[in-house]
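Heads up, the thing below is written out as structure tokens.
The values are calculated or read from the model by the stated rules, or taken from the named source; none is laboratory data. This one's a predicted model, so the numbers in the text were calculated from it and none came from an experiment. Note that each Cβ is placed from the backbone with ideal geometry, even for glycine, and that neighbours are counted across all protein chains shown. Just so you know, the surface numbers come from the protein's heavy atoms only, side chains and all, with ligands and any DNA or RNA stripped out. Shrake-Rupley method; radii C 1.70, N 1.55, O 1.52, S 1.80 Å.
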Amino acid sequence: MDALDRLAEPGLDLLTRVDTLLAAGAPEGHRLWPLLRRMQVLPGAAVREFLELHPAPLTGAGHAVRRLVRGYDDACAVLADQVAWSGPAAAAYDDARAALLRHLDEGPESLVGRLESSAGYADALAGWVESSRAALARALAEVIGSAEAVTVHAAARSGAEAGPVGAGAAAEIATRVLGVLGVAYDGAETLLRQWGPSLAETTWRERAVTAPRYGGTTRIGY
């Protein structure tokens, strides 16, 4: 359990009240409006969804992917042994063996390269979740103890319709929370742009070699 988990109950209690007040509308011209248009969600609902994100499953996924590399290492070790025979068939086999080795584990576009990139992306996402949860926890701690929170709770206890003061307090709290989540989502998009090229599907890289056949040559694509 981290700081966000510990603040979840009082935070969601406050944000549920904020969502109720904002359902009647935020103050005209408030800086909350651009965030609402961008995020398309009220703060309580957004935080409730974000609480489901935890770094541990992503870290575990990275470890699991790296374990797969061992199997490729074993296959490559077998393929690395050159055949003890010669002739046209041996030459063709050697070309095929070298091409398969290249496909399995040679550079970032190989299968092993893609596995390592996938594991690295999972680790990066885990770090993003951890730091984003910490930032959101700090924001919740601030709004829970704010003067605006007192105003929002007072409006909820009175049962009266939200006036300008109650709506303004709710909008301020929502702006702080959605602002932090907006930064978090920007970070996720940045990670995807950074890692996207190295996560693309790998393909068999063609390579033409010349192998002797019946006294001539034959072009073979790998």
I want to check the label-to-label distance for residue 1 and residue 28. Put each point 7 Å from Cα in the C-beta direction and report it in nm to one decimal.
4.6
Once phi is turned into ³J(HN,Hα) by the Karplus curve 6.51 cos²θ - 1.76 cosθ + 1.60 with θ = phi - 60°, what whole-Hz value does each residue of segment 86-103 show in order, with x for glycine and proline?
9, x, x, 5, 5, 5, 5, 4, 5, 5, 5, 4, 5, 5, 5, 4, 4, 5
Which log10 I(q)/I(0) values, to two decimals, does segment 21-77 give at q = 0.24 Å⁻¹ under the Debye formula with one point per Cα?
-0.96
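Using a 1.4 angstrom probe on the protein heavy atoms only, could you order 39, 1 from most to least accessible area? Intermediate results must be reported in sequence, preceding the final value.
Details: 39 30, 1 175 Å².
Descending order: 1, 39.
What percentage of all Cα-Cα pairs in the chain are separated by more than 33 Å?
Numbers: 11064 of 24531 pairs.
Of all Cα-Cα pairs in the chain, 45 percent lie more than 33 Å apart.
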Sequence gap at least 6, Cα distance under 8 Å: using those rules, report the relative contact order of the chain to the nearest whole percent.
31
Calculate, for segment 2-101, the solvent-accessible area per residue in square angstrom, rolling a 1.4 angstrom probe over the heavy atoms of the protein chains.
59
Would you compute the Debye intensity of segment 129-173 from its alpha-carbon atoms alone, equal scatterers and no solvent, and pass along log10 I(q)/I(0) at q = 0.14, 0.24 Å⁻¹ to two decimals?
-0.39, -0.77
Just the number, please: carbon plus sulfur as a percent of the accessible area of the chain, 1.4 Å probe, no ligands or DNA/RNA counted.
57
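Considering the convex hull of the alpha carbon atoms of segment 84-187, report its projected area averaged over all viewing directions, in nm², one decimal.
Values: hull surface 42.9 nm².
Approximately 10.7 nm², given one-decimal rounding.
In nm, what is the difference between 0.36 nm times the number of residues separating residue 78 and residue 190 and their Cα-Cα distance? Walk me through the intermediate numbers first.
Working: separation 112, 0.36 × 112 = 40.32 nm, distance 3.96 nm.
Contour length minus Cα-Cα distance gives 36.4 nm.
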Per-residue ³J(HN,Hα) for segment 181-198, Karplus 6.51 cos²θ - 1.76 cosθ + 1.60, θ = phi - 60°, Hz, x for Gly and Pro
5, x, 5, 4, 5, 4, x, 5, 5, 5, 4, 5, 5, 5, 8, x, x, 7
Report the label-to-label distance for residue 202 and residue 49 in nanometres (one decimal), using points 7 Å from each Cα along the Cα→Cβ vector.
3.4
